[in-house]
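Enquirer: Questions regarding the structure given below will be posed in turn.
The values are calculated or read from the model by the stated rules, or taken from the named source; none is laboratory data. This one's a predicted model, so the numbers in the text were calculated from it and none came from an experiment. With ideal geometry, Cβ positions are generated from the backbone for all residues, glycine too; neighbour counts draw on all protein chains shown.
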């Protein structure tokens, strides 16, 4: 005998959609609170109680949605990398000439670090844990491959136009672009003392960006 299932009423369907929206909103609040807590105190120092309080949630909900503090940190660090990789893809560099495209990418990287200081501290924390959380993220690997491919395309176009020299590894180039901004900002306090200048002053930041662009462009130029 065929069993005919009753279709959910419009009231039931509305209730289901509301529960989904509420769950999504709760998870978003938890992730935002967790990002700030992990960025400030690292994985070891962050407390689930503090994350729950800031997210206007409770510990039970955090464990229900994310499993454990480690799994929550994995989601946060994964989201951090996906956010920057997604933003890079939205730069639409293909329509620019190779030099303009590379300069725009260098400037974007610097500005992103300045506007998203949590990214740097989260990366520092994950390195302390030898990237054990990122190792489990296939999504981050996919996004990173797209980014490397994007940089390779810029380099290939530059070589074809006679602007860039041949044989530049896009991975090495990306590491260098990241490093010249990353090191400056992670060492801004000690650097300001050692070099007796405020490395975070407006003119110092502008000077540093100009130096970054000039350094990379000299590195790749034919």
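Enquirer: Quick check: is even one residue across the range 189-196 closer than 22 Å to residue 88 by Cα and either at pLDDT 95 or above or surrounded by fewer than 16 Cβ atoms within 10 Å (Cβ to Cβ) (or both)? Quick ask: steps written out before the conclusion?
Expert: Initially, the range 189-196 is screened for residues closer than 22 Å to residue 88 by Cα, giving none.
Taking every residue of the range 189-196 in turn, none turns out to be closer than 22 Å to residue 88 by Cα and either at pLDDT 95 or above or surrounded by fewer than 16 Cβ atoms within 10 Å (Cβ to Cβ) (or both).
Enquirer: Mind telling me which of the residues 151, 142 ends up being outside the structural domain of residue 35 (by TED's automatic domain parsing), closer than 19 Å to residue 165 by Cα and part of a helix (DSSP H, G or I)? Reasoning before the result, please.
Expert: Working: 142 fails: closer than 19 Å to residue 165 by Cα.
Answer to the selection: 151.
Enquirer: Something else: Any residue in the range 66-87 that is within 22 Å of residue 136 (Cβ to Cβ), more than 19 Å from the chain's Cα centre (by Cα) and exposed (fewer than 13 other Cβ atoms within 10 Å of the Cβ)? Break it down into steps so the answer makes sense when it comes.
Expert: Quick first cut of the range 66-87, residues within 22 Å of residue 136 (Cβ to Cβ) only: 66-86.
So of that shortlist, the ones also more than 19 Å from the chain's Cα centre (by Cα) come out as 66-69.
Subsequent filtering for residues that are exposed (fewer than 13 other Cβ atoms within 10 Å of the Cβ) retains 67-68.
Yes, some residue in the range 66-87 is within 22 Å of residue 136 (Cβ to Cβ), more than 19 Å from the chain's Cα centre (by Cα) and exposed (fewer than 13 other Cβ atoms within 10 Å of the Cβ).
Enquirer: Can you tell me which residue in the range 151-175 is surrounded by the most Cβ atoms within 10 Å (Cβ to Cβ), limited to those that are out of contact with any helix residue (DSSP H, G or I) (no Cβ under 7 Å at 6 or more places or on another chain) and at negative phi?
Expert: Step one: list which residues in the range 151-175 are out of contact with any helix residue (DSSP H, G or I) (no Cβ under 7 Å at 6 or more places or on another chain), which gives 153, 156, 159-160, 162, 167, 169, 172, 175.
Retained after the next criterion (residues that are at negative phi): 153, 156, 159-160, 169, 172, 175.
Values: 153: 15, 156: 15, 159: 17, 160: 10, 169: 13, 172: 10, 175: 12.
Across the range 151-175, the extreme among qualifying residues is 159.
Enquirer: (1) exposed (fewer than 15 other Cβ atoms within 10 Å of the Cβ); (2) touching a helix residue (DSSP H, G or I) at 6+ places or on another chain (Cβ under 9 Å); (3) over 23 Å from residue 173 (Cα atoms): which one isn't true of residue 28, the others all being true?
Expert: So the condition that residue 28 fails would be (2).
Enquirer: Name the pairs whose Cβ atoms lie under 7 Å apart, with the first residue in the range 196-222 and over 28 Å from residue 165 (Cβ atoms) and in the same structural domain as residue 101 (by TED's automatic domain parsing), the second at pLDDT 95 or above and assigned to a loop (DSSP other than H, G, I, E, B), and 6 or more positions between them or separate chains?
Expert: 204/197; 204/198
Enquirer: Hey, does the range 205-216 have a residue that's within 24 Å of residue 123 (Cβ to Cβ) and over 23 Å from the mean Cα position of the chain (by Cα)?
Expert: yes
Enquirer: Also, I was wondering about something else. At pLDDT 95 or above and exposed (fewer than 15 other Cβ atoms within 10 Å of the Cβ), is that true of residue 136?
Expert: On the way: at pLDDT 95 or above: no; exposed (fewer than 15 other Cβ atoms within 10 Å of the Cβ): yes.
When the stated conditions are applied, residue 136 does not pass them.
Enquirer: Scan the range 195-207 and give yes if some residue there is within 18 Å of residue 96 (Cβ to Cβ) and either part of a helix (DSSP H, G or I) or in contact with a strand residue (DSSP E or B) (Cβ under 6 Å, 6 or more places away or on another chain) (or both), otherwise no.
Expert: Within the range 195-207, the first condition is being within 18 Å of residue 96 (Cβ to Cβ), and the residues that meet it are none.
Checked the range 195-207: no residue is within 18 Å of residue 96 (Cβ to Cβ) and either part of a helix (DSSP H, G or I) or in contact with a strand residue (DSSP E or B) (Cβ under 6 Å, 6 or more places away or on another chain) (or both).
Enquirer: Every residue in the range 120-135 that is without any contact (Cβ under 8 Å) to a residue 40 or more places away in the chain and either assigned to a helix (DSSP H, G or I) or touching a strand residue (DSSP E or B) at 6+ places or on another chain (Cβ under 7 Å) (or both), please. Steps first, answer last, please.
Expert: First, the residues of the range 120-135 that are without any contact (Cβ under 8 Å) to a residue 40 or more places away in the chain: 127, 130-132, 135.
Scanning the range 120-135 gives 127, 135.
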